[in-house]
Amino acid sequence: MDINDIENIIDLQKPELYLNRELSLLEFNKRVLAQAKDEKVPLLERLNYLCISCSNLDEFFEVRVASVIQMAAIDPKAVGPDGLTPNEQLELIAVHAHQLVDEQYKVLNEILIPKLAKENIHFIRRKEWTEAQLKWLEAYFNDELLPILTPVGLDSAHPFPRILNKSLNFIISLTGKDAFGRNSGRAILQAPRALPRIIQLPAGETGSGTADFVFLSSIIHAFVDQLFNGMNVKGCYQFRVTRNSDFFVDDDAIDDLLLAVEGELAMRNYGDEVRLEIDAKCPDETVTFLLDRFEMTRDRLFLVDGPVNLNRIQEINDLVGRPDLKFPTFKPTVPQQLERSKDIFAAIRRHDILLHHPFESFSPVVEFIRQAAVSPDVLAIKQTLYRTGADSPIVSALIKAARTGKVVTVVIELRARFDEKANIDLASKLQEAAVHVVYGVVGYKTHAKMCLVLRREGKELRNYVHLGTGNYHPKTAQIYTDYGLFSCDKELGEDVRRVFAQLTSLGKVTKLNKLLQSPFTLHRGLIEKIEREIRHAKNGKPAKIIIQVNAVVEEQSIQALYRASQAGVEVKLIVRGVCCLKPGIPGISENIEVRSIIGRFLEHARVYAFENDGDREVYASSADLMNRNMFRRVEVCFPVENKKLQNRILQDLNLYLNDNTQAWLLQSDGSYQQLQKAETEEPVQAQTVLMYELQ
C-alpha cells in the first residue's frame, strides 16, 4: 500500500494517539525525584532535587489541577485530544500524585535523612533532644516564637480562620475550660511565613554538632501547651492547604491592566482549595473535621510522614558549608571574540555571536545593555522583560540610559506567573526613571526575549539586537540552559523593530523578513517547514527534524510530526517536560524518538532544526510547541544563519541525542525509561561535556 494511502486511512485525531498533559507533567516530576535517589549526585544536591519536585508539585496543584477542577464544574463533559473528561483526569491525577508524594517522603525518611546523618548533618527529633537542647529550644520558643504566634480557639465568636495558601498551620485538640469557661475542644495556629522552617542548634550552648537542625514544627509541637494556659493539649497536628493560584483578568472589561492584576494578586492567597496535606498521625476525626471545613473530598487529601511544607527543607543548603556534598563550582566562560574586544558593538559588526548559557556567561548580555546606556552614539533601547530577578543589573543599565537622555522603552509582562508583584514593582521603578513602560497587548502575554539598540554610525542608523530563548535574568541564566544571539543583520534588526512597534503602538500585522512571530506566523511557519521535510522524504531526499523544547502539546503540530514519521522523516524530539505525542506507534510514530534530559542544569532552550535536503535551517525561539505559545502569546522564532553558529547548535543537539547517562526515553504508554549505556559504550553526559568544551 502506498504511503499516501496509509496517511489517508489513519485518523490522526484519535484520542489513543495522545498522552494526557497533566499525567505527563507528573511523569516529569518523577524524573526530577529520581535525581534525589541517584547515588552519583552529590548528597545536598539530591536533597535539593527532592525539594524541587515538591515545589513543582505545589505549582502543579495551584495551576494545572485547579484548572481541571474548574473545567469539571463548568463543562464536565468536555474532552481534550486524549479523550479524557475533567473528572476522569482528576481520578488519574489523584492516583499518580498520591504515589509520587508517598515516594517523596520515602526518599526523605529512608534514604536522605540516614545518609545526611552519616555526614554528620542531623535533623534532631523531639524524642532525641538532650537536656541542653531542650533548654535552649524552650528559650528559643519563648523569645522568638511565643510573641508572634496567635492561636485561634474555635467557637461561635472565633470562626475557623482564613488559611493562607501553602502556609504552615496546626490544629490543636484541647480539653478543659479557659478563664471564660469556654471549651470548644479545638484551636488553629498559623505559623507566620517570616519564621524559618529549620532552626540550627548552636553547638556551643547545646553540645550539638556543627550541623544539627530542628524543624520549626517540632518546636511548636513540644511547647504548644504554653499557648493555652491551664488547658490540656491532647494533640497537635500540622496541615497545609494549597489553593487555586492562577487568576483571571477579563481582557474585555479592563481599562488599566496594572490595576486589574494588582486586584487579582490580593486574592491569590485565598483562592479555592485544591489540596489538603495533613500530618499522617492526625486522628481520623480531626482529618474529617478539616475536610469538611475546606469542603474537600479524600481524593485531594494527602497524609504525610514528615513536614507538610517539604520544599522548605531547601533552606539547609544555605546553612551547611559542605562544598564536598554539592556540585563542583563552575565558572562560565566569555566567548573569545568578546574577550578580545572591549567594544561589544564592534565585535557584533564583525559577525553574529552565539551564547549558550550557562556554559557561557550571561555577562555579555548585561554588558551589551550597559555599553548601550553610556554610548553617546546610542539613541534608543527597546527591551522585553518577563522575569528579571531582584536588583537586576539590566534594569540598572536601562535606568541609567533613560537618565542620560536616551529613549528607553520596556515591554513588561505583568502576568508572568508568580512574578506579577515583582513586575508591578519593576514597572513603577522604571517609570520613575522616565522609562517608557508598556504592558504589551491585552489578551496576549509578551513572552518574546528581545533587546534592540539603535545606534548612529556615521551617516546611518544601525540596529543591534539580542534575541534569546530564556529570560533576561542573570541568576536563572546560571542554572537554565538557553541560547542567545547577538546580530546587527539589517533585516533581522528591522523585524525586531517592527515587533516592538506592534507591542507599543497600534496597527495591522506587518510582514517580517526573517522572524516567525506568534500569534501570526510562527505556528504556520513551523508546520510548513515540517511539511517541507515530508515532501523531501517522499522524493527520496535527505529529511530530518530535531526539536528541543520544554513541552510538546499543540495538537496540529503533533499531527504534522506524525505525518512526517509516516513519510519516513527521522524525527528526534528533546523534550524536558510535558509531551503529549506518543512515539513508537507502528505506522504512525515509529520514526519518532522522544527523550528528556534531567541534569545539573534545567533544560530551557527551544530549537527547531530542519535538514531541508542538505540546506539546513536552524531556528531558536522563546516558544514551546504549546497552544498558549502559538496562539495566546507574543513570541519570536529567529534563524541562526551563520553556518559556524548553526553547526555549533547542531553539534549540541547531537550531543544531547547521544547522552547515555542523563537521558530518559518516552515510551508509547506515557512512562519514561532511563537510558542505560551498553557495557562497551563510553559514558556521555551532554551537560558535563558542554561545561568542559566551552572552557
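The values are calculated or read from the model by the stated rules, or taken from the named source; none is laboratory data. All values reported here derive from a predicted model rather than from experimental measurement. Here Cβ is always computed from backbone atoms with ideal geometry, including for glycine, and neighbour counts include all displayed protein chains.
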Exercise for review: Quickly run through the range 185-223 and pick out the residues that are surrounded by 14 or more Cβ atoms within 10 Å (Cβ to Cβ) and either over 37 Å from the mean Cα position of the chain (by Cα) or without any contact (Cβ under 8 Å) to a residue 40 or more places away in the chain (or both).
Suggested key: GLY185, ARG186, ILE188, THR206, GLY207, SER208, PHE223
Revision key, fill the gap. Of the listed residues (ALA605, ALA620), the one being under 18 Å from SER557 (Cβ atoms) and part of a loop (DSSP other than H, G, I, E, B) is ALA605
Revision key, fill the gap. Within the range 324-360, restricting to residues that are among the polar types (S, T, N, Q) and within 33 Å of the chain's Cα centre (by Cα), the one that is surrounded by the most Cβ atoms within 10 Å (Cβ to Cβ) is GLN337
Check your understanding: Out of (1) in a helix (DSSP H, G or I); (2) in contact with a His (Cβ under 6 Å, 6 or more places away or on another chain), the odd one out for GLY470 is which?
Key -> (1)
Check your understanding: So which residues in the range 535-561 are under 20 Å from CYS579 (Cα atoms) and assigned to a helix (DSSP H, G or I), if there are any at all?
Key -> GLU555, GLN556, SER557, ILE558, GLN559, ALA560, LEU561
Review point. Only one of (1) among the hydrophobic types (A, V, I, L, M, F, W, C); (2) closer than 26 Å to GLU555 by Cα; (3) at pLDDT 95 or above; (4) assigned to a helix (DSSP H, G or I) fails for ALA117. Which number is that?
Key: (2)
Check your understanding: Here are some conditions: (1) crowded, with 18+ Cβ neighbours inside 10 Å; (2) under 19 Å from the mean Cα position of the chain (by Cα). VAL395 meets all but one. Which one does it not meet?
Key -> (2)
Review point. Taking ALA397, is it under 17 Å from VAL365 (Cβ atoms) and either at pLDDT below 90 or among the small types (Gly, Ala, Ser) (or both)?
Key: yes
Check your understanding: Out of the range 480-504, which residues are outside any helix (DSSP H, G or I) and within 26 Å of the chain's Cα centre (by Cα)?
Key -> TYR480, THR481, ASP482, TYR483, GLY484, LEU485, PHE486
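Checking the condition closer than 24 Å to PHE302 by Cα, assigned to a loop (DSSP other than H, G, I, E, B) and aliphatic (A, V, I, L, M), which residue from LEU149, LEU164 passes?
On the way: LEU149 fails: closer than 24 Å to PHE302 by Cα.
Exactly one residue qualifies, and that residue is LEU164.
Quick test for you: out of SER622, SER596, SER589, pick the one residue that is modelled with pLDDT of 95 or more and closer than 25 Å to ASP495 by Cβ.
SER622
So for the range 505-520 (the condition being part of a helix (DSSP H, G or I), surrounded by fewer than 21 Cβ atoms within 10 Å (Cβ to Cβ) and touching a residue at least 12 places away in the same chain (Cβ under 8 Å)), does at least one residue qualify? Before you say what the answer is, go through the steps one by one.
Taking the range 505-520 and keeping what is part of a helix (DSSP H, G or I), we get none.
No, that holds for no residue.
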Check your understanding: Is the range 554-573 home to any residue that is more than 20 Å from ILE588 (Cβ to Cβ) and either surrounded by fewer than 22 Cβ atoms within 10 Å (Cβ to Cβ) or not small (Gly, Ala, Ser) (or both)?
Key -> no
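Can you tell me which of ILE353, ILE348, ILE369 is within 23 Å of TYR692 (Cα to Cα) and assigned by TED's automatic domain parsing to the domain that holds LYS406? Can you show your working first?
Values: ILE348 fails: within 23 Å of TYR692 (Cα to Cα); ILE369 fails: within 23 Å of TYR692 (Cα to Cα).
Matching residue, one of ILE353, ILE348, ILE369: ILE353.
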Check your understanding: Counting only residues that are within 20 Å of LEU33 (Cα to Cα) and hydroxyl-bearing (Ser, Thr, Tyr), which one in the range 667-687 is surrounded by the most Cβ atoms within 10 Å (Cβ to Cβ)?
Key -> TYR672
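Quick check on the range 483-501: of everything there that is surrounded by fewer than 19 Cβ atoms within 10 Å (Cβ to Cβ) and touching a residue at least 12 places away in the same chain (Cβ under 8 Å), which residue is nearest to ILE344 (Cα to Cα)?
Going through the range 483-501, the residues surrounded by fewer than 19 Cβ atoms within 10 Å (Cβ to Cβ) turn out to be 490-491, 494, 497-498, 501.
Applying the additional criterion that residues be touching a residue at least 12 places away in the same chain (Cβ under 8 Å) yields 490-491, 494, 497-498.
Numbers: LYS490: 17, GLU491: 20, GLU494: 20, ARG497: 20, ARG498: 24 Å.
So the residue we want is LYS490.
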